[in-house]
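Remarks on the structure that follows.
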Amino acid sequence: MEYSKMTVRDFIRELESSSATPGGGAAAALGGAMAGSLCTMAASVTLGREAYRDAWTEMESIAGEVRSYTALLLELMDEDPRVYGSVIQATRMPKTTEVEKEVREACIQKALKAACHPPLEILRTVAKIARLLESLLFKGNPNALADLGTAAELLSSASKAAAYSLEANLKRIEDASFKEEILGEFCYELSLVSGSALLAEKEMTNRLE
């Protein structure tokens, strides 16, 4: 199912249903995509304004880059529930005999590892947008300040939501080296987004006082 092509109202209905998918991962991707769109808007309202001519080239570059990240997040909005569906299918495999139990557990472990990819990619992509947001804050049109503040909050929430999905999957994975590798990266990416969000909050406070 392509959740990214639904109306907002229909997607909300899907989220509130009793189905296990879509869930937090898809919501995280959508939040990141909305943040990306706000960043692109901030760059767009800077372009063409004579007062910010020196920043036009950079703003044009940022707008193009963020658009690509937003598009990826919308793809991940669909990929996350699709991949997690394999985990659900694996848990429904027969487990009467010892052989069936072993096969089932192997399939669950494989599916859980695959299910770590979408939220990790959401986190990576959100962190890339967060780094570009910093340039928008200091070089972009100040009329978009509130929009950038909103984007920063959405990025922060999206990164934490993606981390929750990752942690839920990792908790059930038995491969210690895999868990250590994923944990190391997601903690790093999470710290980057957190730093950008704090910077945006401080800048918002300073300018709006």
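The values are calculated or read from the model by the stated rules, or taken from the named source; none is laboratory data. Treat the numbers as computed from the prediction; the structure is a model and nothing was measured. Reconstructed Cβ throughout: ideal geometry from the backbone, glycine too, with neighbour counts over all protein chains shown.
For region 88-99, does any single residue satisfy the condition of being more than 13 Å from ASN141 (Cα to Cα), touching a residue at least 40 places away in the same chain (Cβ under 8 Å) and under 27 Å from the mean Cα position of the chain (by Cα)? Yes, the conditions are met somewhere in region 88-99. Would you mention how many residues in region 30-53 are more than 11 Å from LEU74 (Cα to Cα) and either in a loop (DSSP other than H, G, I, E, B) or of a type in the set (A, V, I, L, M, F, W, C) (or both)? Counting residues in region 30-53 that are more than 11 Å from LEU74 (Cα to Cα) and either in a loop (DSSP other than H, G, I, E, B) or of a type in the set (A, V, I, L, M, F, W, C) (or both) gives 12. Within region 165-195, restricting attention to residues that are of a type in the set (Phe, Trp, Tyr) and surrounded by 14 or more Cβ atoms within 10 Å (Cβ to Cβ), the residue that is farthest from the chain's Cα centre (by Cα) is PHE178.
Evaluate the following for ASN143: is it over 22 Å from the mean Cα position of the chain (by Cα), touching a residue at least 60 places away in the same chain (Cβ under 8 Å) and surrounded by fewer than 22 Cβ atoms within 10 Å (Cβ to Cβ)? Against the criterion (over 22 Å from the mean Cα position of the chain (by Cα), touching a residue at least 60 places away in the same chain (Cβ under 8 Å) and surrounded by fewer than 22 Cβ atoms within 10 Å (Cβ to Cβ)), ASN143 qualifies.
Listed by first and then second residue, the pairs linking a residue in region 150-171 that is touching a residue at least 24 places away in the same chain (Cβ under 8 Å) to a residue that is basic (Lys, Arg) and in a helix (DSSP H, G or I), with Cβ atoms under 6 Å apart and 6 or more places separating them unless they lie on different chains, are LEU170/LYS179.
Does region 18-29 hold any residues that are part of a helix (DSSP H, G or I) and either β-branched (Val, Ile, Thr) or surrounded by 24 or more Cβ atoms within 10 Å (Cβ to Cβ) (or both), and which are they?
At the first step, the residues of region 18-29 found to be part of a helix (DSSP H, G or I) are 24-29.
Scanning region 18-29 gives GLY25, ALA26, ALA28, ALA29.
Is it the case that some residue within region 87-100 is under 21 Å from LEU190 (Cβ atoms) and assigned to a helix (DSSP H, G or I)? The answer is no, given that none of the residues of region 87-100 is under 21 Å from LEU190 (Cβ atoms) and assigned to a helix (DSSP H, G or I). Tell me, please, whether a residue that is modelled with pLDDT of 95 or more and closer than 30 Å to MET34 by Cα can be found in region 90-107. No, that holds for no residue. Taken together, SER37, SER44 contain a single residue that is surrounded by 12 or more Cβ atoms within 10 Å (Cβ to Cβ) and either closer than 30 Å to PRO81 by Cβ or acidic (Asp, Glu) (or both), which is SER37.
Tell me yes or no: at least one residue of region 179-187 is farther than 19 Å from ALA114 by Cα, modelled with pLDDT under 95 and among the aromatic types (Phe, Trp, Tyr). No, region 179-187 contains no residue that is farther than 19 Å from ALA114 by Cα, modelled with pLDDT under 95 and among the aromatic types (Phe, Trp, Tyr). Taking first residues from region 1-17 that are in contact (Cβ under 8 Å) with a residue 24 or more places away in the chain and surrounded by 10 or more Cβ atoms within 10 Å (Cβ to Cβ) and partners that are β-branched (Val, Ile, Thr) and not in a helix (DSSP H, G or I), no Cβ contact under 6 Å between residues at least 6 apart in sequence or on separate chains turns up. Residues that are in a helix (DSSP H, G or I), in contact with a Cys (Cβ under 8 Å, 6 or more places away or on another chain), surrounded by 15 or more Cβ atoms within 10 Å (Cβ to Cβ) and touching a residue at least 40 places away in the same chain (Cβ under 8 Å) occur at least once in region 65-75.
When you go through ALA115, ALA200, ALA162, ALA158 one by one, which is the residue that is within 21 Å of ALA43 (Cβ to Cβ), crowded, with 22+ Cβ neighbours inside 10 Å and modelled with pLDDT of 95 or more?
On the way: ALA115 fails: within 21 Å of ALA43 (Cβ to Cβ); ALA200 fails: modelled with pLDDT of 95 or more; ALA162 fails: within 21 Å of ALA43 (Cβ to Cβ).
After applying the criteria, what remains is ALA158.
Does GLU180 qualify as being in a helix (DSSP H, G or I), of a type outside the set (Val, Ile, Thr) and either touching a Lys or Arg at 6+ places or on another chain (Cβ under 8 Å) or free of Cβ contacts under 8 Å to residues at least 12 places away in the same chain (or both)? Yes.
In the list THR150, THR125, which residue meets the criterion of being hydroxyl-bearing (Ser, Thr, Tyr), buried (at least 19 other Cβ atoms within 10 Å of the Cβ) and assigned to a helix (DSSP H, G or I)?
Working: THR150 fails: buried (at least 19 other Cβ atoms within 10 Å of the Cβ).
Exactly one of THR150, THR125 is hydroxyl-bearing (Ser, Thr, Tyr), buried (at least 19 other Cβ atoms within 10 Å of the Cβ) and assigned to a helix (DSSP H, G or I), namely THR125.
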